[in-house]
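Each remark here refers to the structure printed beneath this line.
The values are calculated or read from the model by the stated rules, or taken from the named source; none is laboratory data. Predicted model, so just to flag it, every value in this text is computed and none were measured. So basically every Cβ, Gly included, is an ideal-geometry build from the backbone, and we count neighbours across all protein chains shown.
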Amino acid sequence: MSYHQLVEAQREHFHSGATRSLENRKETLKNYRALLSENSQQLHDAIYQDLHRVSDEAHAGIRNIDELLGGKMEEWGKPVEVGVETPFDKNQDKAYIVREPLGVVLVISPWNFPLICSLPSISALASGNTVILKTSELAPHYSKTMTALVKKYFAPEVFTVVEGAVPEVTELLQERFDHIMYTGNPTVGKIIMTAAAKNLTPVTLELGGKNPVLVEPDADLEDTAKKIVFSKMFNCGQICLSSDYVLTTAETKPKLVEALAKVYKEASPLKDNKGFARIIHERHFDRLSTLLSKTNGELLFEAEERQNREEKFLPPRVYGIKEDDALMSEEIFGPILPIITVKDFDESLKFVKTHEKPLGAYIFTKDPKKADRFVRETYSGGVTINDVMKHAFMTNVPFGGVGNSGMGKIHGRHGFQAFTHEKVVLVRNDLDIQL
Ligand code: NAD
């Protein structure tokens, strides 16, 4: 089937109304749940082969579906009666907000959390859309496994996976979709948005960026170091919310480096540590090696183990750098941690404010006034105070970036509603309709 035929088959299915009823949507989700629970080990093994990481991604999907099937689909999707506030005569009027699905949704996912970043497909199906999922060519084991499983559990007009790299996505983007949800880097985000603009297709963009970590002199450095190192070891720092760089004072820097080195040494040998993943692909290994060859920073810590391109094993390093260093030229997305020395807290705030808005921003301090100023005076997708990344683990709040780190929200109610339109219905002359 060509991409055009596939999209048309899904559109026809959507227009038949088959995806609309609550019963059908529940059946679709039960199917998805079966796919994840009956094959969780296979999915886990595929992700391990791609990333050398122990993964619980299938269970994140199952939890998501259980929440929806446990009453949230009804709650988030039901028509809401609203008061009629109008300057006109309003006798015998009733008004509602009805949530309607959008149609054919394209979900494009990256390699770093290949299954978790495919999960917006659950929200889109739950709200009554059909879905085409494009998996990443850089996670080939996951991609092949998911393609085969979706084929086994779903009719292609409801949900299907498309594999391939840039030429395939480029061809796919010639088609008209009713919503595109893209997770990946900001450069490709612009390509997606440009393609969507042709058809005025709305987009949700979950992008990356450089997440700052402010370490104030009053911070508990042992705790700070453990939390920063976790974000650099887990998935080898290939996380959209990982600590990208640290801002701290000259006085705090050596104490922080000592604390970081202690945590890394305790976690060594890293080759055998199941919490330390590998770089996804030689291409990214080479990208990081190039950054390392270009940095003018001072090497402050280096693990004893040697890097190995064949095994895509890149041990952690900590550098002291200046603002214009190569390590500040792009999102690091790896186990390298640069530290920039600042005069004081005001300089840190100014630094964060004058750079692109990141997906996550973090501060370690015991001073509530500083934490408060950090929230009010910097701009980012979300903030965690005295930890990194954790705000994104909450399932009851919206998740998403702002500016260069993206647009639109996912997770829970916000994910479900992202794939719907709020349609206002005004009923006059006392007509009794059941919505
Ligand atoms: P990637 O290389 O897997 O690309 C993502 C998707 O875009 C893939 O499906 C790929 O085939 C497609 N793609 C690549 N080049 C394209 C092109 N020229 N035209 C059309 N499609 C193209 O993943 P990546 O971009 O390296 O992923 C890492 C980035 O994703 C980081 O910036 C990270 O911060 C971000 N990210 C963000 C989130 C979030 O929730 N905000 C989550 C995970 C990753």
Subject >> Among (1) closer than 23 Å to residue 237 by Cβ; (2) at pLDDT 95 or above; (3) touching a helix residue (DSSP H, G or I) at 6+ places or on another chain (Cβ under 9 Å); (4) not polar (S, T, N, Q), the one test that residue 411 misses >> reply: (2)
Subject >> Every residue from region 389-419 that is more than 12 Å from the ligand (Cβ to nearest atom) and outside any loop (DSSP other than H, G, I, E, B) >> reply: 390, 391, 393, 403, 412, 413, 414, 416, 417, 418
**OP:** Would you check if residue 205 is on the phi < 0 side of the Ramachandran plot, touching a helix residue (DSSP H, G or I) at 6+ places or on another chain (Cβ under 8 Å) and either of a type outside the set (Ser, Thr, Tyr) or away from the ligand (no atom under 13 Å from the Cβ) (or both)?
**Re:** yes
**OP:** Please identify the pairs in which a residue from region 1-15 that is of a type in the set (Phe, Trp, Tyr) has its Cβ atom under 6 Å from the Cβ atom of a residue that is buried (at least 18 other Cβ atoms within 10 Å of the Cβ), counting only partners at least 6 apart or on another chain.
**Re:** 3/172; 3/175; 14/103; 14/130
Original post:
Taking only pairs six or more apart or across chains, which ones have beta-carbon atoms under 8 Å, a first residue in region 49-68 that is on the phi > 0 side of the Ramachandran plot, and a second residue that is aliphatic (A, V, I, L, M) and part of a loop (DSSP other than H, G, I, E, B)?
Top reply: 52/277
**OP:** Working only within region 40-95, note down all residues that are of a type in the set (Asp, Glu) and out of contact with any strand residue (DSSP E or B) (no Cβ under 9 Å at 6 or more places or on another chain).
**Re:** 45, 50, 56, 57, 66, 67, 74, 75, 89
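For (1) crowded, with 24+ Cβ neighbours inside 10 Å; (2) more than 17 Å from the chain's Cα centre (by Cα), each residue gets a yes or a no:
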{"site": "94", "(1), (2)": "no, yes"}
{"site": "98", "(1), (2)": "no, yes"}
{"site": "107", "(1), (2)": "yes, no"}
{"site": "116", "(1), (2)": "no, no"}
{"site": "123", "(1), (2)": "yes, no"}
{"site": "128", "(1), (2)": "yes, yes"}
**OP:** With the condition kept exactly as written, say whether any residue in region 50-63 is surrounded by 14 or more Cβ atoms within 10 Å (Cβ to Cβ) and closer than 27 Å to residue 97 by Cα.
**Re:** no
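Right, residue 239: modelled with pLDDT of 95 or more, hydrophobic (A, V, I, L, M, F, W, C), surrounded by fewer than 19 Cβ atoms within 10 Å (Cβ to Cβ) and out of contact with any strand residue (DSSP E or B) (no Cβ under 6 Å at 6 or more places or on another chain) or not? Before the answer, list the steps.
Values: modelled with pLDDT of 95 or more: yes; hydrophobic (A, V, I, L, M, F, W, C): yes; surrounded by fewer than 19 Cβ atoms within 10 Å (Cβ to Cβ): no; out of contact with any strand residue (DSSP E or B) (no Cβ under 6 Å at 6 or more places or on another chain): yes.
Taking the combined requirement at face value, the residue does not satisfy it.
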Original post:
Restricting attention to region 154-178, which residues are surrounded by fewer than 17 Cβ atoms within 10 Å (Cβ to Cβ), assigned to a helix (DSSP H, G or I) and either of a type outside the set (Ser, Thr, Tyr) or more than 13 Å from the ligand (Cβ to nearest atom) (or both)?
Top reply: 166, 167, 168, 171
Subject >> Of the criteria (1) under 17 Å from residue 351 (Cβ atoms); (2) at pLDDT 95 or above, which one residue 209 fails >> reply: (2)
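If only one of 343, 357, 353 is of a type in the set (Lys, Arg) and within 16 Å of the ligand (Cβ to nearest atom), which one is it? It would help to see each step written out before you state the result.
Details: 343 fails: within 16 Å of the ligand (Cβ to nearest atom); 353 fails: within 16 Å of the ligand (Cβ to nearest atom).
From the options 343, 357, 353, the qualifying one is 357.
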Original post:
Got a number for residues in region 185-207 being within 18 Å of the chain's Cα centre (by Cα), among the charged types (D, E, K, R) and surrounded by fewer than 17 Cβ atoms within 10 Å (Cβ to Cβ)?
Top reply: 1
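Residues 9, 46, 18: which one is surrounded by 19 or more Cβ atoms within 10 Å (Cβ to Cβ) and of a type outside the set (Phe, Trp, Tyr)? Full working, then the answer.
On the way: 9 fails: surrounded by 19 or more Cβ atoms within 10 Å (Cβ to Cβ); 18 fails: surrounded by 19 or more Cβ atoms within 10 Å (Cβ to Cβ).
After applying the criteria, what remains is 46.
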Original post:
What single numbered condition from (1) more than 10 Å from the ligand (Cβ to nearest atom); (2) basic (Lys, Arg); (3) under 20 Å from the mean Cα position of the chain (by Cα) fails to hold for residue 210?
Top reply: (1)
**OP:** Test residue 86 against the stated conditions and say whether it is of a type in the set (Val, Ile, Thr), in contact with a Gly (Cβ under 8 Å, 6 or more places away or on another chain) and more than 16 Å from the ligand (Cβ to nearest atom).
**Re:** no
Original post:
Considering only region 132-153, how many residues are within 16 Å of the ligand (Cβ to nearest atom), assigned to a helix (DSSP H, G or I) and under 25 Å from residue 18 (Cβ atoms)?
Top reply: 3
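Which count do you get for residues in region 38-53 that are over 22 Å from the mean Cα position of the chain (by Cα) and closer than 14 Å to residue 152 by Cβ? Don't jump to the end; show me each part of the working.
Here is the first cut: in region 38-53, the ones over 22 Å from the mean Cα position of the chain (by Cα) are 38-39, 41-42.
So of that shortlist, the ones also closer than 14 Å to residue 152 by Cβ come out as 38-39, 42.
Residues in region 38-53 being over 22 Å from the mean Cα position of the chain (by Cα) and closer than 14 Å to residue 152 by Cβ: 3 in total.
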Original post:
Since residue 235 meets every condition but one in (1) away from the ligand (no atom under 13 Å from the Cβ); (2) on the phi > 0 side of the Ramachandran plot, which condition does it not meet?
Top reply: (1)
